[in-house]
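The numbers here are math on the coordinates, done by the rules we state, and not lab data. All of these numbers come straight from a predicted model, not from anything done at the bench. Ideal geometry is used to build each Cβ from the backbone, glycine not excepted, and the neighbour counts take in all protein chains shown.
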Amino acid sequence: MKLKPYLFFALLTAGGVPVTGFAQVHEFMLENGMKLLVKEDHRAPIVVSQIWYKVGSSYEHSGITGVSHVLEHMMFKGTKKLGPGEFSRLIAEQGGRENAFTGRDYTAYFQQLEKSRLEFSFRLEADRMRNLLLPPEEFDKEREVVIEERRMRTEDKPRSLTYEQFNAAAFTNSSYQYPIIGWMDDLRNLTVEDLRNWYQRWYSPANATLVVAGDVDADDVLALAQKYFAKLPTEEVAEPKPRIESKQLGPRRVIVRAPAKLPYLLMGYKAPVLNTAEIEWEPYALEVLAGVLSGGNSARLPKELERRQQVVASADVGYSLYSRKSDTFLIDATPAPGQTVDTAEQAIHEQLDILKNELVSKQELDRIKAQVVANAVYELDSVFYQAMQLGQLETVGVGWQRADEYVDRVRQVTAEQVREVARKYLVDKGLTVAILEPQALVEQARLASD
């Protein structure tokens, strides 16, 4: 379900956590408060290094939305030792690749190199953790880059625009209402001083987790981390205000009119995650429920709504139990030719009603659980993914130690539990609906000029 254009890496984690493989993680705490996680994997002579900061768009407030993402861009624009762009050039010269990503709950930077180049990576990453210059002329250019990115990836993409408007309506108090890339007016009015304050507040070793996975020795990695990171000055980082979402008292609906070829339906129900669930098994049951609805071609939505009833051209479900705050259980659909959004929405509600009143069969439940295990084994093949899992779980507050329990907890979910979470959370009082009504390009141009 491609609903979150700036959360590609986060969405990778929604399918599951590896069955085994995290039991041998080595955890260290450096003297300045920075955490180090090392996962040895000796199948290939490569190493992945990732630094995760506990800051993202959900830490922001109105007026400076997008500051985390813009700062991510500026982390490549020079330090006291390196000029703009030199970080990327030097990593490329070492035969490596590097990049960064911003999510709602984190900002992360990574390098993937031949194993003997890890020290080189540490030296560069430690430098920009404390020595970023933020030259005003580079900031002015990069802010325009992000503004253009917003135009191309959100404002010119009707489904992304619909998802953004959905979040703004679904959340009233939670900072998940803010787009990761920021609102356009906030971006235009960001200053280099805003970034400087953000950097000083959040880019502290005590607010970071360094994750290393690959063909390495944990003690050797620790020695390198102590050499390059342990002596960096640090500040205690105050916890952000909780900003817990207010109780929703009824359904909310949003209409988005934008140039598009097809209508689009996005439905979301307020749902707990591991961090916020009062009953620990509920997020796992919601994960299985998502699989029942859209886990492959034989799942309910593609089987019933796409092929049998032919009311939708496509339908999918999105849910991730690894968020810092309570989130939404998402369902999206594109009506089939000759069908309407109303028809599609009604058909989806009918499928949800069936789940609330009838138990999922043992055969169907076993199929979903088998898919989870298969996906988990496949994902374990990626050293980069292993590091991603550790970094995300640790940064959102779940704790990397819970990585290995995912599959066992999913296997324990019962048909009764699936029905119970459907009855409890897929209800109108927690529902937000966003509908994309396509507008002709000529009409849109006229409206824009008015």
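Annotations for the structure displayed:
- Here the relative contact order of region 8-228, from alpha carbon pairs under 8 Å that lie six or more residues apart, stands at 38 percent.
- Near-label residues of region 217-259 by backbone N, under 20 Å of a point 7 Å along Cα→Cβ of His61: 236-246
- The label-point distance for Asp408 and Lys247, in a model that sets each label 7 Å from Cα toward Cβ, rounds to 3.6 nm.
- Using alpha-carbon coordinates, inclination of helix 383-396 to the longest axis of the chain, degrees: 80
- Anisotropy class of region 162-218 from Cα gyration tensor, a/c 1.5 cut: oblate
- Residue pairs exceeding 31 angstrom between C-alpha atoms, taken from Lys247/Lys362; Lys77/Lys261; Lys54/Lys81; Lys35/Lys157; Lys77/Lys247: Lys247/Lys362; Lys77/Lys261; Lys35/Lys157; Lys77/Lys247.
- The gain in end-to-end length when the Lys80 to Ser361 segment is fully stretched comes to 94.9 nm, 0.36 nm per residue minus the alpha carbon separation.
- Couplings 3J(HN,Hα) of region 105-119, computed from phi: 10, 6, 10, 9, 10, 9, 9, 10, 9, 5, 4, 6, 9, 4, 4 Hz, in residue order, whole Hz [Karplus 6.51 cos²θ - 1.76 cosθ + 1.60, θ = phi - 60°; x for Gly and Pro].
- Long-range HN-HN contacts of Ala336 with modeled amide H, under 5 Å: Val312, Ala313
- Here Rg and Dmax of the Cα atoms in Å was computed from the coordinates, and among [x] 23.0, 72; [y] 26.2, 96; [z] 22.7, 65 the match is [z].
- Distance distribution P(r), region 252-449, all Cα-Cα pairs, bin width 5 angstrom from 0: 1, 7, 14, 17, 17, 15, 12, 9, 4, 2, 1, 0 percent.
- Mean residue ellipticity (222 nm) of the chain, computed from DSSP H runs ≥ 4 via -39,500 (n - 2.57), nearest 500: -12000 deg cm²/dmol
- With a Förster radius of 41 Å applied to the beta-carbon distance between Thr340 and Arg153, the computed FRET efficiency rounds to 0.90.
- Applying the Karplus relation 6.51 cos²θ - 1.76 cosθ + 1.60 with θ = phi - 60° to region 199-211 yields 3J(HN,Hα) values of 4, 5, 6, 10, 8, 10, x, 5, 10, 10, 10, 9, 10 Hz, where x marks Gly and Pro.
- Using a cutoff of 8 angstrom between alpha carbon atoms and counting only pairs six or more residues apart, the relative contact order for the chain works out to 25 percent.
- Mean-position separation - Cα centroids, region 154-208 and region 229-295, in angstrom: 15
- 13 Å reach of a label modelled at His42, 7 Å along Cα-to-Cβ, counting backbone N of region 210-235: 214-219
- Principal-axis tilt of helix 362-379 within the chain, Cα atoms, nearest 10 degrees: 20
- Among the GluC sites (Glu not before Pro) in region 218-310, those placed in a DSSP loop whose Cβ has at most 10 other Cβ atoms within 10 Å are Glu236, Glu278, Glu280.
- At an R0 of 35 angstrom, the distance between the Cβ atoms of Glu114 and Ala238 translates into a FRET efficiency of 0.30.
- For the pair Met29 and Arg307 in one chain, pulling the backbone fully straight at 0.36 nm per residue adds 94.7 nm over the alpha carbon distance.
- Antiparallel bridge percentage (DSSP; both residues within the chain; nearest 5): 75
- Figure legend: label point modelled 7 angstrom from the Cα of Asn131 along Cα→Cβ; residues of region 76-98 with amide N under 11 Å from it are 79-83.
- On Cα atoms only, tilt of 218-228 relative to the major axis of the chain in degrees: 70
- For region 77-82, Karplus couplings with θ = phi - 60° (6.51, -1.76, 1.60), whole Hz, Gly/Pro x: 10, x, 10, 5, 9, 10
- Most fluctuating residue given options Leu289, Leu124, Leu266, as computed from a GNM of the chain linking Cα atoms under 10 Å: Leu124
- Remark: C-alpha extents of region 8-228 on the principal axes read 48, 43, 32 Å, sorted largest to smallest.
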